[in-house]
Amino acid sequence: MRSGDMETTGIAAASCLVLGIESSCDETAAAVVAGDRRILSNVVLSQLDEHRPYGGVVPEIAARAHVSHLDGLIRQALAEAGVGLSDLAAIAATAGPGLIGGVIVGLTTAKALALGSGKPLIGVNHLEGHALTPRLVSEVGFPYLLLLVSGGHCQLLAVEGVGRYRRLGTTIDDAVGEAFDKTAKLLGLGYPGGPAVEKAAEAGDPARFALPRPMIGRPGCDFSFSGLKTAVRETLAGLSQPVSAQDKADLAASFQAVVGAVMVDRTRRALALMPAGTPLVVAGGVAANRHLRARLEVLAGESGSPFVAPPLRLCTDNAAMIAWAGVEHFRAGHTDALDIKPRARWPLDPVAAAAGAKA
Ligand code: KG4
Ligand code: ZN
């Protein structure tokens with residue numbers, strides 16, 4: 001249950017300290033953020049090594065790792081920030097969407113801390129953490145257009161206020177991060193895929209392979225990546241084996257260029273639905289990709305829109321973004337009761353999600 005909508009004005013921004021906890025995928029993370037946008041600590045423990053042998057995230061391994069590491073990371077985040085639980089205004093944790101075992105670990109820990117310290121609890125939507133990160137690093141105000149690109153999502157959202165999101169487009173099949181990860185797997189570039197594809201593409205010719213450009217020119221703002229993935233597989237099979245490093249680099253570059261072109265086309269259409277000069281914001285793990293960032297920045301410039309992209313370390317999963325979403329909710333007077341439930345699925349725009357396409 002979410003309580004009241006009144007503005008919380010009693011606490012000065014600098015002393016509105018929120019502890020954030022993130023455990024919805026394969027990063028265990030804790031951070032302390034202040035209402036004046038200072039990140040006092042931001043500790044992230046990646047489980048990459050534990051999942052690498054399987055080529056992807058194994059939910060049970062992730063949940064066990066969160067159990068093993070979360071307590072220590074929270075202690076470390078508080079110590080690095082130089083604060084104790086009693087200094088906090090609230091405790092925020094990802095309450096979904098994500099791998100449910102991990103979400104339960106983080107949210108239950110936050111509940112225990114909130115109960116023990118008497119501090120309010122705030123259950124944060126992980127996607128909202130990504131969506132509000134630009135406001136942690138810049139003065140961007142509402143509304144803005146958000147391109148949210150991660151391992152599980154590929155959406156264009158009109159961000160109209162805290163808790164107010166209107167989905168303009170989404171993927172009808174794979175998320176864009178998934179497409180990067182699968183392409184990396186096909187090319188034998190290892191895990192995690194996105195950074196590996198980006199690195200390989202640096203030495204490649206993006207014009208070498210004419211891959212399909214899904215959805216470009218179509219009405220609406222939806223995405224589709226499954227055809228592109230199939231095209232990568234077929235192109236690869238048509239090359240002389242074993243595939244050379246140069247062939248792999250060229251295919252990675254061609255793939256990345258198509259993703260860039262699709263992003264620009266879909267985002268241009270979404271910008272046209274917003275008031276002129278609406279800021280364009282990119283967030284989520286795939287926003288770490290320099291090629292995509294550069295192309296979106298050009299698009300924003302052409303459209304007369306300011307462009308905001310959080311620094312790379314705040315694009316991939318972290319707890320500072322969860323703490324910051326907690327700050328935003330706390331200031332708006334939103335806190336949660338201790339019976340808030342963890343959610344494997346939790347769309348930011350429930351109306352659009354109910355209407356069909358994959359959230
Ligand atoms: O937001 P995130 O850290 O976790 C989710 O909530 O999904 O995003 C992870 C995704 C992965 O698919 C990863 O391959 C992708 O972001 N990614 C990238 C890059 N860095 C991370 N994709 C393309 N280029 C990158 N540099
Ligand atoms: Zn994420």
State whether one or more residues within region 136-143 are within 20 Å of V264 (Cα to Cα) and under 15 Å from the mean Cα position of the chain (by Cα).
no
If you go through L338, L348, the only one that is within 15 Å of ligand 2 (Cβ to nearest atom) and either surrounded by fewer than 24 Cβ atoms within 10 Å (Cβ to Cβ) or on the phi < 0 side of the Ramachandran plot (or both) is L348
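So that you can scan it fast, the table gives a plain yes or no per residue for (1) surrounded by 24 or more Cβ atoms within 10 Å (Cβ to Cβ); (2) within 16 Å of ligand 1 (Cβ to nearest atom); (3) not hydroxyl-bearing (S, T, Y):
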| position | (1), (2), (3) |
| --- | --- |
| G98 | yes, yes, yes |
| T108 | no, no, no |
| A112 | no, no, yes |
| G141 | no, no, yes |
Within region 141-209, which strands (runs of 3 or more DSSP E) (wholly inside it) include 3 or more residues that are under 22 Å from E297 (Cα atoms) and within 16 Å of ligand 2 (Cβ to nearest atom)?
144-149, 154-161
From the residues in region 167-191 that are in contact with a His (Cβ under 9 Å, 6 or more places away or on another chain) and within 14 Å of ligand 1 (Cβ to nearest atom), which one is farthest from A353 (Cα to Cα)?
Y191
Go over the candidates R266, R290, R343, R313 one by one and state the one that is more than 20 Å from D174 (Cα to Cα) and more than 16 Å from ligand 2 (Cβ to nearest atom).
R290
Of all residues in region 144-162, which are surrounded by fewer than 17 Cβ atoms within 10 Å (Cβ to Cβ) and in contact with a Lys or Arg (Cβ under 9 Å, 6 or more places away or on another chain)?
E160
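Residue under question is P310, and the condition is that it be out of contact with any helix residue (DSSP H, G or I) (no Cβ under 7 Å at 6 or more places or on another chain) and in contact (Cβ under 8 Å) with a residue 60 or more places away in the chain; does it hold?
Spelling it out, it is not the case that P310 is out of contact with any helix residue (DSSP H, G or I) (no Cβ under 7 Å at 6 or more places or on another chain) and in contact (Cβ under 8 Å) with a residue 60 or more places away in the chain.
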Sole exception among (1) over 30 Å from S46 (Cα atoms); (2) touching a strand residue (DSSP E or B) at 6+ places or on another chain (Cβ under 8 Å); (3) surrounded by 14 or more Cβ atoms within 10 Å (Cβ to Cβ) for D265, by number:
(2)
Return the residue satisfying two criteria in turn: it lies in region 293-310 and is more than 16 Å from ligand 2 (Cβ to nearest atom) and assigned to a loop (DSSP other than H, G, I, E, B), and of such residues it is farthest from V32 (Cα to Cα).
G304
Report yes if some residue within region 287-302 is modelled with pLDDT under 95 and out of contact with any Cys (no Cβ under 7 Å at 6 or more places or on another chain); otherwise report no.
no
Filtered residues of region 210-241 (kept if assigned to a helix (DSSP H, G or I) and farther than 15 Å from A252 by Cβ):
S226, G227, T230, E234, A237
Buried (at least 23 other Cβ atoms within 10 Å of the Cβ) and within 16 Å of ligand 2 (Cβ to nearest atom) - does that describe any residue in region 73-81?
no
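Rundown of residues vs (1) at pLDDT below 95; (2) among the small types (G, A, S), yes/no style:
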site	(1), (2)
G193	yes, yes
A200	no, yes
A210	yes, yes
M215	yes, no
K229	yes, no
Q241	yes, no
Q246	no, no
V258	no, no
R268	no, no
Could you grab me the full set of residues in region 283-307 that are away from ligand 1 (no atom under 12 Å from the Cβ) and either crowded, with 24+ Cβ neighbours inside 10 Å or touching a residue at least 60 places away in the same chain (Cβ under 8 Å) (or both)?
L296, S305, P306
Being closer than 23 Å to R313 by Cβ, surrounded by 18 or more Cβ atoms within 10 Å (Cβ to Cβ) and in contact with a Pro (Cβ under 7 Å, 6 or more places away or on another chain) is the requirement here; does P192 meet it?
no
Among the residues of region 126-136, is there at least one that is at negative phi and not in a helix (DSSP H, G or I)?
no
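The values are calculated or read from the model by the stated rules, or taken from the named source; none is laboratory data. Predicted model, so just to flag it, every value in this text is computed and none were measured. With ideal geometry, Cβ positions are generated from the backbone for all residues, glycine too; neighbour counts draw on all protein chains shown.
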